[in-house]
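Computed from the coordinates by the stated procedures, all read-outs in this text should not be read as laboratory data. Note that this is a predicted model, so its numbers are computed, not measured. Glycine gets a Cβ as well: all are built from the backbone with ideal geometry, and neighbour counts include every protein chain shown.
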Amino acid sequence: MIDYANDDEEDDYISRSHFKREAEAMQALGERLITLRKEQLDQLDLSEKLYDSILLAQRLTANGAIRRQRQFIGKLMRTEILEPIEAKLAEWDRGGKAETARLHRLERWRDRLISSETMLGEWLKEYPDTDVQRMRSLIRNAQKEAETNKPPKSSRELFKLLREITAHESLR
């Protein structure tokens, strides 16, 4: 006879699909770890077995072997403490996005400097330590290259100069 008075066991029920989703998430995290460089892996607190398995997966070339190794890494991920790993990956993602945004901002500055003569004054208000003579020369050469449909050598050099001038911003 079934005892309906004690339904506490049913409250602890977790569906099989929940376990499958967790396993797939761990395998996806493991696949992300496979894409990391060795220096990045060294920064994570991974077990030796997982670390070695990831390095092996990076060397494999046969599709079946790679698939099996990914599944094995997903299995090993169940024993790992995932929070520090996920936190470090999120930190790297934020840093990458911030750097990308900074580079996009510098590209817009470069384009505005080349297209408008008044923008140099705006740039100098923000960055007064700029080598004005070199900047003017690069802007003038980039404008000539654009007019004559030549490769954008000076435009690239101008972007490089802007990156050098603003390098201290990425260190904050």
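Where is the GNM fluctuation largest for the chain (alpha-carbon springs, 10 angstrom cutoff): Glu80, Glu145, Glu31? Maximum fluctuation in the GNM of the chain, among the listed residues, is at Glu145. Electrostatic bookkeeping for Asp93 treats Lys and Arg as +1 and Asp and Glu as -1; over the other residues with beta carbon under 13 Å from its beta carbon, the sum is +1.
Please label the shape of the stretch 96-170 as rounded, prolate or oblate, based on the square roots a ≥ b ≥ c of the eigenvalues of the alpha-carbon gyration tensor (a/c under 1.5 means rounded; beyond that, a/b larger than b/c means prolate, else oblate).
Values: a/c = 1.94, a/b = 1.33, b/c = 1.46.
Note, shape of the stretch 96-170 comes out oblate.
Take the chain and mark each of the chymotrypsin sites (Phe, Trp or Tyr not before Pro) that is in a DSSP loop with at most 13 other Cβ atoms within 10 Å; the longest unmarked stretch, sites excluded, is 14-172. When only Cα pairs below 8 angstrom with a gap of at least 6 residues are kept, the stretch 96-170 shows a relative contact order of 36 percent. Measuring r between the beta carbons of Trp92 and Glu147 and using R0 = 45 Å, the FRET efficiency lands at 0.60. Given R₀ = 25 Å, FRET efficiency for Thr35-Leu103 by Cβ-Cβ distance, to 0.05? Using R0 = 25 Å, I get an efficiency of 0.70.
Test of understanding: extend the Cα→C-beta vector of Glu122 to 7 Å, then name every residue of the stretch 85-112 with backbone N under 14 Å from that spot. Residues 105-112 qualify, since their backbone N sits under 14 Å from the label point. Each Lys and Arg adds +1 at its Cβ and each Asp and Glu adds -1 at its Cβ; summed about the Cα centre, the stretch 14-80 shows a dipole of about 400 debye.
For the stretch 96-170, please report how many Lys pairs fall under 21 Å Cα to Cα, leaving out neighbours fewer than 8 apart on the same chain.
5
With distances taken between every two different alpha-carbon atoms, the chain has a Kirkwood hydrodynamic radius of 21.1 Å.
If only the Cβ of Lys and Arg carry +1 and only the Cβ of Asp and Glu carry -1, the dipole of the stretch 28-148 around its Cα centre is close to 460 debye.
Exposure proxy shown here: for Asp129, Asp45, the number of other Cβ atoms within 10 Å sets the order, fewest to most, as Asp129, Asp45.
Mean-square fluctuations from a GNM of the chain, with a 10 angstrom spring cutoff on Cα atoms, peak among Gln69, Gln133, Gln43 at Gln133. Only lysines eight or more places from Lys20 in sequence, or on another chain, were considered; those with a Cα closer than 27 Å are Lys49, Lys75, Lys88. Ranking Pro84, Leu29, His104 by Cα position along the charge dipole of the chain, where only Lys, Arg, Asp and Glu carry charges on their C-beta atoms, puts His104 farthest toward the positive end.
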